[in-house]
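Single-structure report; data block below.
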Amino acid sequence: MIPWSDGILLPEFRVGRSIVDFLAVTDTLHAVEIKSDLDNTSRLDSQLHDYRKIAPLVSVMASKRVVERVLAAREFETVGLHWLDANGRVETVRDAEFSREYLDSEVLMRSLRRAEYLRVLSALGSTVPDLPNTRVFSYALAASRDLDPLIFHNAVADQLRERKPRAGRTLIARLPEPVRPAVLKLDPTRQQISSLQDWMNQEVANVYA
């Protein structure tokens with residue numbers, strides 16, 4: 001479904017004015033938005049624009065109606081599209097294509113915790129000097145703007161892998177077979193698996209309704 005290798009899954013990750021449902025973190029960032037026919041999709045376009053500022057890979061897992069809407073928008077031709085059929089199987093319309101065009105170092109930095117963006121800048125040779133707390137953020141933000149967005153993104157991905165959650169994986173067996181290979185390579189929490197399972201069950205119920 002979504003080509004992750006060794007990585008983690010971060011739920012409800014803030015990106016600018018949006019919150020992506022899941023951010024898959026490997027050596028790159030992959031934003032995954034989940035929508036059903038019951039969800040309000042009026043902000044979907046602006047959400048996808050926001051996600052592309054931090055993630056070279058963006059995917060939507062949604063109902064067929066929502067997927068077809070995104071498919072018709074040429075501006076989102078690099079966005080991966082997946083939908084659930086009546087049997088709960090994930091159907092892939094297309095996989096996400098890597099795109100660095102919209103990456104924004106400032107948005108990436110604002111998505112991190114203070115300790116994280118300080119470590120990212122230090123790793124890239126832009127150590128923040130000893131400043132009053134009120135000035136640290138402004139200095140770091142200015143420093144991030146001078147860095148190549150892709151290089152900054154790579155350092156951010158390395159840093160975010162340190163957030164790796166630890167939880168049991170017994171609930172994975174309840175997920176549809178096509179989803180398991182991707183999820184097994186991650187380390188999601190019980191709540192994340194439960195949320196994904198609830199959404200899939202609701203989608204199947206909507207199809208039969």
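So for M109, M61, fewest C-beta neighbours within 10 Å to most, what's the order?
In order of increasing Cβ crowding within 10 Å: M109, M61.
Once all Cα-Cα distances of segment 105-162 are split into 5 Å bins that start at 0, what whole-number percent is in each one?
4, 21, 39, 24, 10, 3
In what sequence do L141, L108, L81, L124 fall when counting other Cβ within 10 Å, fewest first?
Ranking L141, L108, L81, L124 by Cβ neighbours within 10 Å, fewest first, gives L141, L124, L81, L108.
Sorting V20, V70, V128, V107 on the 10 Å Cβ count, fewest up front, what's the list?
On the way: V20 26, V70 22, V128 15, V107 18.
Listed from fewest to most nearby Cβ atoms, that is V128, V107, V70, V20.
Using a Förster radius of 41 Å, what is the FRET efficiency between A86 and L131 based on their Cβ-Cβ separation? Nearest 0.05, please.
0.10
Under 15 Å from a label point 7 Å along Cα→Cβ of D146: give me every residue in segment 79-119 with its amide N that close.
From segment 79-119, the list is 106.
I need the phi-derived Karplus couplings for segment 116-123: 6.51 cos²θ - 1.76 cosθ + 1.60, θ = phi - 60°, integer Hz, Gly and Pro marked x.
Each residue of segment 116-123 in turn: 5, 5, 5, 5, 4, 4, 4, 5 Hz.
Bear in mind these aren't lab numbers, they're just calculated from the coordinates by the rules spelled out. Remember, predicted model here, so these are calculated numbers, not experimental data. Positions of Cβ are backbone-derived with ideal geometry, glycine not excepted, and every protein chain shown enters the neighbour counts.
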